[in-house]
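Single-structure report; data block below.
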Amino acid sequence: MAKYNRNSGKEWKPQEVSMLRSLAKANTPTGVIGLKLGRTKDAVYAKASDNSISLGPTNQSPYNRRSK
């Protein structure tokens, strides 16, 4: 069980959904979004899916890129 589940089971507030939208747009990792909102990663994925928020891939490390 996650350490930061203080909001688990509670209704999502409109402010939390807008924060989720802005964090996702800023390419923030899902785990970090969950910590900031006090939600689990699964809850973040579910709410993003319900609101058509894209949780695109986060920035990749430069160490696993192929050189041209």
* Structure fact -> When every residue in the stretch 1-16 that is assigned to a loop (DSSP other than H, G, I, E, B) and at pLDDT 90 or above is compared, the one surrounded by the most Cβ atoms within 10 Å (Cβ to Cβ) is TRP12
* **Leading residue by the ranking (nearest to LYS13 (Cα to Cα)) among those in the stretch 43-68 that are part of a helix (DSSP H, G or I), of a type outside the set (S, T, N, Q) and at pLDDT below 90** => PRO62
* **Every residue from the stretch 23-44 that is over 10 Å from the mean Cα position of the chain (by Cα) and over 17 Å from PRO57 (Cβ atoms)** => GLY38
* Asked: Between a first residue in the stretch 25-37 that is over 18 Å from ASN51 (Cα atoms) and a second residue that is modelled with pLDDT of 90 or more and open to solvent by less than 30 Å² (accessible area, probe 1.4 Å), which pairs have beta carbons less than 7 Å apart while being 6 or more apart in sequence or on different chains?
  -> LYS36/LEU23
* To do: Residue by residue through the stretch 17-42, note down the ones that are surrounded by 12 or more Cβ atoms within 10 Å (Cβ to Cβ) and part of a loop (DSSP other than H, G, I, E, B).
  => THR28, PRO29, GLY38, ARG39, THR40
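The values are calculated or read from the model by the stated rules, or taken from the named source; none is laboratory data. Keep in mind it's a predicted model, so treat the numbers as computed, not measured. We place every Cβ from the backbone using ideal geometry, glycine too, and count neighbours over all the protein chains shown. For the accessible areas, the whole protein counts, side chains as well, though only heavy atoms, and no ligand, DNA or RNA atoms are used. Shrake-Rupley method; radii C 1.70, N 1.55, O 1.52, S 1.80 Å.
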